[in-house]
2 protein chains.
Amino acid sequence: MRIVVDAMGSDSNPLPDVEGAVLAAREYTGTDIILTGVEDAIRKELAKYDTSGLNIQVVHTDQTVTMEDKPSRVGRAKPDSSMAVGMRLVKEGKADAFVTAGNTGAALAYATLHELKRMENVMRPAFPGIIPIKGRRVILADSGANADCRPEWLVQFAVMCSAYAENVLKITNPSVAMLSNGEEEGKGNDLVRATVPLMAESGLNFIGNVEPKDAIQIAADVIITDGFTGNVFLKTLEAMGSLMLDLLRQELTADIRSKLGAALAYPAFRRVYHQVDPFEIGGAPLLGVNGIVIVGHGRTNAKGIKNAINQARQAVSANVLEIIRERMLTQKKSRPAADDAS
Amino acid sequence: MRIVVDAMGSDSNPLPDVEGAVLAAREYTGTDIILTGVEDAIRKELAKYDTSGLNIQVVHTDQTVTMEDKPSRVGRAKPDSSMAVGMRLVKEGKADAFVTAGNTGAALAYATLHELKRMENVMRPAFPGIIPIKGRRVILADSGANADCRPEWLVQFAVMCSAYAENVLKITNPSVAMLSNGEEEGKGNDLVRATVPLMAESGLNFIGNVEPKDAIQIAADVIITDGFTGNVFLKTLEAMGSLMLDLLRQELTADIRSKLGAALAYPAFRRVYHQVDPFEIGGAPLLGVNGIVIVGHGRTNAKGIKNAINQARQAVSANVLEIIRERMLTQKKSRPAADDAS
């Protein structure tokens, strides 16, 4: 299996990107890596590790996408960036999947508009977040790609995320819920109320509305919401988690007694952190385009990149691309009224 | 000053409601309390405390609002509940403010439709949440009363919340921001993008968009969003805070070493909890109706009720009702195009 990794993706590129690729090549036997990006910088990083016996190639690119690049312009401004070239290798069948920790908007734009393109019948690709909680995983879509959504898009997100949960995360008959401000029928905003009846007749394992509390307790495997709310939800989780850790750090170093207690309890704190560590997952899949793309967090570390590569491997092994393609064709047939928003 | 307290409000009513009222009457000299609700039950609770020298009256009501009561029907179904009678005392000038920890939707319905009514020019009342973070407070509106909002409503929420922040929370020139999925101009959903220009010309101290992280770090004193997103945001904060505390509790009791560390660090944990304790605030004000109403959390304790009563006292002292009434009249004049959604 061949995975392309954008070496210029993360905020600290190419350090964690290259190290993560080396770790993955070592740990996952039979995984060849292609690194795209500035060759000199990549070779310099690679030289730090023992890569004997590993199949790691480098494809040089001059252009690098930054966080300042506007997604709407990146395709024209940087047609041969490490991101674009990486996806092109997938499109041309020279690699099986693409992993990047770079500018998410740019990755979406390259994938959707320039390189891989949307699958047939897909109105909007879904960009779910995968949240690690207490050793389990919940998929939440949309995580921010589509701020304003239509009910039909949300149903498609649910179909694609269910397929991913079932085949890649190996969750049997994944349950699907709408994120809402209350569980009761009739709660929600206009979008939620318009989507619920469509979900109910979608053939998915739809269980109704869930509140944030239930989403965090994994009351459902797949949580669906518009990209604005989903983005706020995910960023609030992260921010509140950080705030709690910051407050703990501050108070546990405030005096000798607390410091001693903290030292003793350190392994317990590590276990807590481990259960909510976003880098345990590594990345989020872009679903509904003609290729497997995993987008990691810009602030990722090498472990995050390695885990994102592993997620790409699992997606390839599960043949999830073909499964989603087929479901989107079937979904369309069973719902001829859904108008296309292309 | 006379504050009416709904004795049948909280989930454990009338226990914390009555105890909180007694604590407030004791602590805040010159505060008379009127308790509304089932007299026998209230008297039984009152008998547990030394109330000598305190002015606590009871106004008996037969009807009690429960969490199952539908807001849309409660006005007709229970016209003389402890909530309705409490608000009526305020309307008739027999009390200065009303405090309840009961069904929020019912409180909104009674206040808006039946008892106090909207102020002139107010399109929708604002129901902000007040978030305690690191000893400071941030007001977030709407917290859930209006799931779908129009840009003009959001501007009015900002005007009312600014007035409250300035006069009740004593924040000089409070800054106002829109909650968004990114700080950059042009980020946000359709509603955010339509609201930003109106905010910019509102005369408020509008500083632009903030992400959840910035909201939590109190980058602005007043955070504005639609009631769906605001409700999800607040519930996610609460749920993530609880999850972190649960995980800590679980891991810190997992073995002897952790238990010992936790015992030593206990005061530090208390200080952390204290900085994010929702009952420190007590309640949220309902703004834009003709009376001061503070709605507390159903799961509140006596301290929460006491703090909600204190908030009501501060709102009365600050004469915030008249200030908001005047600002809403001025705001209307400066914006003749804003159509009324009555």
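The values are calculated or read from the model by the stated rules, or taken from the named source; none is laboratory data. Being a predicted model, the structure only gives us computed values, none of them experimental. Glycine gets a Cβ as well: all are built from the backbone with ideal geometry, and neighbour counts include every protein chain shown. These accessible areas exclude ligands, DNA and RNA; they are computed on the full protein's heavy atoms, side chains included. Shrake-Rupley method; radii C 1.70, N 1.55, O 1.52, S 1.80 Å.
Annotations
- Across the protein assembly as shown, the convex hull enclosing all Cα atoms gives 174 Å³ per residue.
- The Cβ shell under 12 Å around residue A:27 holds other residues with a net charge of +4, Lys and Arg each +1, Asp and Glu each -1.
- Rolling a 1.4 Å probe across the protein heavy atoms gives the protein assembly as shown an accessible surface of 40 Å² per residue.
- Of the DSSP H helices in chain A, those that are both long (alpha-carbon extent of 20 Å or more along the helix axis) and hydrophobic (Kyte-Doolittle mean at least -0.5) are A:151-167, A:227-252, A:302-317, A:320-334.
- Proximal charge balance of residue B:54 [Cβ under 11 Å; K/R count +1, D/E count -1]: -2
- With all projection directions averaged, the alpha carbon convex hull of segment A:114-252 covers 9.9 nm².
- Summarising the label geometry, the points placed 7 Å from Cα in the beta-carbon direction at residue A:120 and residue A:326 lie 1.5 nm from one another.
- If you sort B:211, B:68, B:39 by accessible surface, 1.4 Å probe, largest first, the order is B:68, B:39, B:211.
- Accessible surface buried upon B-A contact (total; probe 1.4 Å; Å², nearest 100): 4800
- The distance linking segment A:176-208 with segment B:205-267 is 27 Å (Cα centroid to Cα centroid, whole angstrom).
- Cα centroid separation - segment A:1-49 against segment A:150-166, whole Å: 32
- For residue B:194, inter-copy separations between label points set 7 Å beyond Cα along the Cβ vector come to 1.2 nm, shortest first.
- Averaged over the residues of peptide A:255-265, the number of Cβ atoms from other protein chains lying within 10 Å of each residue's Cβ is 6.
- 19 Å reach of a label modelled at residue A:68, 7 Å along Cα-to-Cβ, counting backbone N of segment A:103-124: A:103-107
- Zone residues, segment A:245-270, relative to residue B:270, backbone N less than 15 Å from point 7 Å out along Cα-to-Cβ: A:252, A:255, A:257-258
- Percent accessible area from carbon and sulfur atoms, segment B:1-126, protein chains only, probe 1.4 Å: 46
- With both labels modelled 7 Å from their Cα along Cα-to-Cβ, the residue A:54 to residue A:299 distance reads 2.6 nm.
- Radius of gyration (Cα atoms) of chain A, expressed as a multiple of 2.2 N^0.38 Å: 1.02.
- Cα Rg, Dmax (largest Cα-Cα span) when computed across segment A:56-142, Å: 14.4, 43
- For chain A, built as a Gaussian network whose Cα springs stay under 10 Å, the top-fluctuating residue of A:164, A:273, A:110: A:273
- Its Cα gyration tensor gives segment A:95-138 an equivalent ellipsoid, and the semi-axes of that ellipsoid, as √(5λ) in whole Å with the largest first, are 24, 14, 11.
- Sorted from closest to farthest, the other copies place their residue A:257 label points 2.4 nm away, with each point set 7 Å from Cα along Cα→Cβ.
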